[in-house]
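Read-outs throughout are calculated quantities, based only on the coordinates presented, and are distinct from any laboratory measurement. If you're wondering where the values come from, they're calculated on a predicted model, not measured in any experiment. So basically every Cβ, Gly included, is an ideal-geometry build from the backbone, and we count neighbours across all protein chains shown.
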Amino acid sequence: MKPAFSVIFFTTLSGAGYGMLFWLGLHYAWSPLPLSREFAAILFALALLLISIGLLSSLLHLGKPARAWRALSQWQSSWLSREGLLAMTSYAPALGLMALIWLGALSLPAQALGALLALIALATVSATAMIYASLRTIPAWHDWRVLPVYLLYAVLSGGLLLMTLLSLTGWRPASAVLYVAAAGLIALTALKLSYWQALVTLEHTPEPASALGLAPGSVVHAFERPHTERSFITREMGFVLARKHARVLRLLAIVLSALLPLLALLISHRLAAPAGVLASAVLAMGLGAVLERWLFFAEARHVVMRYYP
Amino acid sequence: MTALPRQPGKRQLGLVIDLDTCVGCHACAVACKQWNSTGSGGPLSDIDPYGKAPDGVWLNRVHSYEVAADSARGQPATTLHFPRSCLHCAEPACVTVCPTGASYKRAEDGIVLVDESKCIGCKLCSWACPYGAREYDEVAGVIKKCTLCVDRIYNEQLDETERVPACVQACPTRARHFGDLGDPDSAVSRLVAERSGRDLMPELGYRPTNKYLPPRPRRAAGSAPPAAETLDPQALPPLLRWLDRVLSR
């Protein structure tokens, strides 16, 4: 599948934003962070900015961006519509919680809004993942690991970003936070490695004979394509650049998005001022996430290519 | 609504394509392009049509394949011409993934259509289609697809014999048949039963309406090498026997 950069930036940037909102919401549902109201507002605003940039960039790949509002209508059947609706809805609890923190009203309503915000943030990222995971036409995406990987990327990149910003205030992560982050990064590595292993066996169904309505096992070669030049179908679905370099790129993606952040977390625990090390972890994870998302598209084969053997 | 019709209508209009008689002439593809470029659907745009890399939207594409000889089934190598277009599936994921409601399946005749005034051009439907039936129009910014010539088949301005899809009318070998596949007694349904018409990629579960008739098995003689020439002069009439003797000198 042809990787669309607008979609890659959308899923990584807004993923990080929803990850931040998830942790912020969870924290305020549990107990308020010891922050000035100004700094808390900055954190919320940054998360919403990341989300908004991502959402705007996703509009760029539309043929008719001015009609994008129509995409909110078919939530009963379409994951894309659900994603849009959840994305719009998430602003309400985020802004509401921001207002309550500003007013210093951190009692039950703020806790309830925090829990709601964490839930909607996870639901939005899940809807994004399900757009891809629900497509039977792209076997590499129709896989149970796609949803947890999207969630882990969002929660881990948003969490690392939040840790970096909090460390500027002199906040030190508790050991439990480090354990959770490390467990998440290790789970991400394991899921991606097992996903790439599974790609090997995913490739070959259905066979070309089934695509052409011939007897099973018939051996078919194309001797003439329907078109002399490339078409929308071969451009969009027949992208092949990444498979050639897949091994190196996969290794790079996992080193950047999991192993380097893990190392940075271990080092940061021993430092008095860990902001710099944590910031480099965020940068590595961001680059890793973009690369992983690019591979996610570029490595996936669409079944329509059975017609172009 | 992108929700599928709750009670799929009995009528399921569609095509039956005979892979035995299709000769790969592309007349169906050209007729489709002509009708849909000039009809109510607006132009199917072309980019650089007379230049070095022409590119454009086609709703019907004809592939040509070589099917290798199959000794187990006693079949020689053959050519296979394969027209590919929208199959108007009973469970079209292209419709259910549509976020805007632009894509829909009609309850009354099963035709899958795009309302171009609602389409936002997100291309997700083209990803959801296993048959490559939906193409994005770079100029219009929306998705185009086969309409089963909905502007012909119900068009009372046209002569009754012309109320069929343009591809069906254009086919010089009558390899394309149009009719109601929801009615088991229709001519197209009987043809499908007679010739064991097939669904494409049935394992994906889209339940296509259009059916493809597989090529008829070649007769065994077709694959045997031609017999060596023999001439028995004794079996010839006298005049030819004399000629044979003269020419054999």
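Listed values, structure above:
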| quantity | calculated |
| --- | --- |
| Distance from the stretch B:235-249 to the stretch A:1-31 (C-alpha centre basis), Å | 95 Å |
| Using alpha-carbon coordinates, inclination of helix B:238-247 to the longest axis of chain B, degrees | 90 degrees |
| Pair A:Leu95, B:Arg174: separation of 7 Å Cα→Cβ label points (nm) | 6.7 nm |
| Cα Rg, Dmax, the stretch A:145-212, angstrom units | 18.6, 65 |
| Inverse mean reciprocal Cα-Cα distance (Kirkwood Rh) of chain A, Å | 20.9 Å |
| Net charge of Cβ neighbours under 14 Å - reference A:Ile8; Lys, Arg +1; Asp, Glu -1 | 0 |
| Net +/- balance of residues flanking A:Phe239 in space, Cβ distance below 13 Å, scoring K and R +1, D and E -1 | +4 |
| Angle in degrees between helix A:108-133 and the longest Cα principal axis of chain A, rounded to the nearest 10 | 20 degrees |
| Cα-based Kirkwood hydrodynamic radius, the stretch A:1-88, one decimal, Å | 14.5 Å |
| Along principal axes, Cα extents of the stretch B:151-214, largest first, whole Å | 41, 23, 22 |
| Ordering of A:238-245, A:63-70 by packing [mean C-beta count within 10 Å, highest first] | A:63-70, A:238-245 |
| MRE, 222 nm, helices only [DSSP H, n ≥ 4, -39500 (n - 2.57), over chain A, to nearest 500] | -22500 deg cm²/dmol |
| Radius 15 Å from Cβ of A:Leu152, net charge of other residues (Lys, Arg +1; Asp, Glu -1) | +1 |
| Relative contact order [Cα under 8 Å, 6+ residues apart], chain B, whole percent | 27 percent |
| Pairs from B:Lys33/B:Lys105; A:Lys244/B:Lys211; A:Lys244/B:Lys52; A:Lys2/B:Lys211; A:Lys64/B:Lys145; B:Lys105/B:Lys144 whose Cα-Cα separation, in the structure shown, is over 26 Å | A:Lys244/B:Lys211; A:Lys244/B:Lys52; A:Lys2/B:Lys211 |
| Distance from the stretch A:158-214 to the stretch B:50-80 (C-alpha centre basis), Å | 41 Å |
| Cα Rg, Dmax (largest Cα-Cα span) when computed across the stretch B:13-247, Å | 23.7, 87 |
| Percent of C-alpha pairs per 20 Å bin, the protein assembly as shown, short to long | 19, 43, 25, 10, 2, 1, 0 |
| FRET efficiency, B:Tyr50 to A:Ile186 (Cβ-Cβ, R0 56 Å, nearest 0.05) | 0.45 |
| For the stretch A:67-105 versus the stretch B:174-219, the gap between their alpha-carbon centres in whole angstrom | 46 Å |
